[in-house]
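Every number in this text was worked out from the coordinates using simple rules, so none of it is lab data. Note that the coordinates shown come from a computational prediction; the quantities given were computed from them, not determined experimentally. Please note: Cβ atoms are built from the backbone with ideal geometry, for glycine as well, and neighbour counts cover all protein chains shown.
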Amino acid sequence: MNSITGVSLIGFAKGQEGGGARPYDPSKRAFFGPEFAWARPEEVANALQKAQDAAPIWATLGHKPKADFLRLIAQGIEDNAARIIELATRETALPSGRIQGEIGRTTGQLRFFAKLVEEGWWRDVRIDHSDPSRKPVPKPDVRSMLVPLGPVVVFSSSNFPLAFSVAGGDTASAFAAGCPVIVKAHQGHLATSECVGNIIVEAVRQSGLPEGSFSLLFGPGRSVGTALVTHPTIQAVGFTGSRSGGRALMDAAAARPRPIPVYAEMGSINPMVILPGALTDRSQLLAAGLAGSVTLGNGQFCTNPGLILLEAGPQTDTFLQQLGSELAKVAPGAMLTESICHEFLGGLSKFTELPEIAVHTKVEATPGQVGPILLTTSGQDFLAQPALLEELFGPATVAVLCNGIEEITKVVLALDGQLTGTIHASPADYEQVKTLYPILAGKVGRLVHNGFPTGVEVCHAMNHGGPYPASADGRSTSVGSRAITRFSRPLCWQNTPEFLLPEELKESNPLGLLRLVNGTWNKDLPE
Ligand code: NAP
């Protein structure tokens, strides 16, 4: 029975009770369930010590036990799906279909990384044989591969209570790399976090892994979270949330005597350019698709299209009417947390107070709920008003009416780093697209053509990250197989005798891995 007790999970031990906050139901605007205790300093220290003790075992853990462990977590989530749906829908106000979808995504990610671990190519094994006869100096035998960093901290996101939370992509990729994980739970879904945390602890037990493989701590980011990030045991951080939170953790990690990487995904306004030919061909379809993307999950997606760039003119006026009508069909809904709702309404009123902004839809919402908003401004006013570069985390989008493609280009050039950039075009627009593509590419982590940025496919080629401030390090992704490299580092063995080499690097290739040998990729299978 996966019961909710409101205490941190410190390896196999439970934290003390009492003293924190109760889970909150944003739809009913009411607290429920037991009080969750915030982890005390000694409990944080205990979790860190256990993680440190587990790290050497994880560093050399074979691919089979690691993959089995990931699959066991996935199975545990599926076995507890009804309970998870009950808790997560209540704590986040997201519909059960969405939570069901997230369960599929979360278990899919865990199995995706299990397969990756078994295939082993993520290790990026490189072998250069020695050449003792090389002149003027002999060439040494050099071998390298990626190895785990050690214990990592994961900060759950508010907007994906499963897929970017306790057993989400950061945790799955850190385990896959071979790192013990300490999760700092998000306060927006405390009970869901404990439920999933219990599943991971049970999987650790069943797998015979050390108890410090996983801990789940409840408590405020500024105390519990910062204590974890600044502790010498921790080697890297995964985070999804606000720019201020991500930046605070980046700064705390950089100020350590031995700094560590913080992989923070901090959101974005995801510019979308709709060119005139596309509007001529499919204005109504685009309006319906865009309204769906803007309001998906009540706009609480990091890939929400928050900025639409169009050429001003009668065709665009018609499109905006169509978009306004489509948005008005979507009912207001509760946001994930009271503070996200408060921040959205605060940000919105800052925007609407600006003389440069016009409000196209106004939805009467009850307290705690928000409805879709369409704002418009001109290209010239947008360029003059840096406040409009801020993310409105909710069902809102700003349409910028530009004076031709030159002004669209100027707006794109003025943007910060973004997770995504989208272009809608028809063949009549292709000359403009050719010019715009490289400019947009310089600003984003993912280019979307004639589509919508919401919905991030979990696959090998996916990149979910972007130049700062979309993410802390634009060279990294939090989705897809490359996510594993965030929690690993290259290690090189020079002239090392065969018996001391890990399996991956042995001459006979006992694991049958794809390896770069003397500059050629091959998969020399064992005899
Ligand atoms: P958040 O406030 O950044 O919180 C995320 C996590 O970071 C929480 O566990 C929080 O801890 C911790 N944290 C925040 N500030 C911190 C600090 N200064 N030091 C240490 N830890 C800190 O994000 P949120 O609660 O999910 O939502 C707030 C806003 O973030 C939203 O309105 C939206 O603008 C943005 N957001 C962006 C994305 C995205 O896609 N990148 C996703 C969700 C939200 P505690 O809250 O427990 O103290």
Going through Lys28/Lys443; Lys329/Lys443; Lys28/Lys350; Lys28/Lys66; Lys139/Lys443; Lys329/Lys350 one by one, the pairs whose alpha carbons sit over 31 Å apart turn out to be Lys28/Lys443; Lys329/Lys443; Lys28/Lys66; Lys139/Lys443
Suppose R0 equals 35 Å; then what is the FRET efficiency for Leu501 and Lys115 from their Cβ-Cβ distance, rounded to the nearest 0.05? 0.90
With only Lys, Arg, Asp and Glu charged, each at its Cβ (+1 for the first two, -1 for the last two), find how big the charge dipole of region 250-333 is about the Cα centre; round to the nearest 20 debye. 320
Counting each DSSP H run of 4 or more residues in the chain as -39500 (n - 2.57), what helix-only mean residue ellipticity at 222 nm follows after dividing by all residues, to the nearest 500 deg cm²/dmol? -12000 deg cm²/dmol
Expected-Rg normalisation [2.2 N^0.38 Å, Cα atoms] applied to region 271-449: 0.97
Per 0.36 nm of contour for each residue apart, how much would the distance between Gln385 and Thr280 grow if the chain were fully extended, relative to their Cα-Cα spacing? 34.8 nm
Cβ density ranking, 10 Å radius, fewest first, applied to Ile199, Ile405 yields Ile405, Ile199
In Hz, Karplus ³J(HN,Hα) per residue of region 170-187 (6.51, -1.76, 1.60; θ = phi - 60°; x = Gly, Pro): 5, 5, 4, 6, 5, 4, 4, 6, x, 10, x, 10, 10, 9, 9, 5, 7, 6
Using a Förster distance of 56 Å, how high is the FRET efficiency between Thr366 and Ser508, based on the Cβ-Cβ distance and rounded to 0.05? 0.25
Would you calculate the separation in nanometres between label points at Ala331 and His460, each defined as 7 Å from the Cα along the Cα-to-beta-carbon direction? 4.4
Give the relative contact order (percent, whole number) for the chain; include only Cα pairs under 8 Å separated by 6+ residues. 17
Of Val273, Ser173, Pro138, which is farthest along the charge dipole of the chain in the positive direction, counting Lys and Arg as +1 and Asp and Glu as -1 at C-beta? Pro138
Modelled label-to-label distance, Glu338 and Trp493, 7 Å Cα→beta-carbon offset: nm? 5.7
Taking H as built 1.01 Å from N, whose amide H comes closer than 5 Å to the amide H of Val154, not counting residues under 5 places away? Ile182, Val183, Lys184, Gly238
Hey, what's the per residue convex hull volume over the C-alpha atoms of region 180-322, in cubic angstrom? 160
Compute, for the chain, the length of the dipole vector about the Cα centre, with Cβ point charges of +1 (Lys, Arg) and -1 (Asp, Glu) only. Units Debye, rounded to 20. 900
Relative contact order (%) - criterion: Cα under 8 Å, at least six apart; region: region 197-295: 18
Using θ = phi - 60° and the Karplus curve 6.51 cos²θ - 1.76 cosθ + 1.60, what whole-Hz ³J(HN,Hα) does each residue of region 215-232 get, with Gly and Pro shown as x? 9, 10, 10, 9, x, x, x, 5, 9, 4, x, 5, 4, 5, 5, 8, 7, x
By how many degrees, 0 to 90 and rounded to 10, does the Cα axis of helix 81-92 deviate from the longest principal axis of the chain? 50
Can you list which of the chymotrypsin sites (Phe, Trp or Tyr not before Pro) found in region 28-65 are DSSP loop residues with at most 13 other C-beta atoms within 10 Å? Phe32
Convex hull (Cα only) mean projected area of the chain, reported in nm² to one decimal: 27.6
What list of ³J(HN,Hα) couplings, whole Hz, do you get for region 26-35 from phi and the Karplus terms 6.51, -1.76, 1.60, once you set θ to phi - 60° and write x for glycine and proline? x, 6, 8, 6, 9, 7, 8, x, x, 6
Region 271-449, relative contact order [Cα under 8 Å, separation at least 6], %: 29
What's the FRET efficiency of Asn2 with Lys350 using the Cβ-Cβ distance as r and R₀ = 30 Å, to the nearest 0.05? 0.10
Which one, Pro372, Gln284, Ser339, is farthest towards the positive end of the dipole of region 275-380 when Lys and Arg carry +1 and Asp and Glu -1 on their Cβ? Gln284
By the C-alpha gyration tensor axes a ≥ b ≥ c (rounded if a/c is under 1.5, else prolate when a/b exceeds b/c, else oblate), the shape of region 132-235 is prolate
Taking region 353-450, which GluC sites (Glu not before Pro) meet the DSSP loop condition and have no more than 11 other C-beta atoms within 10 Å? Glu364
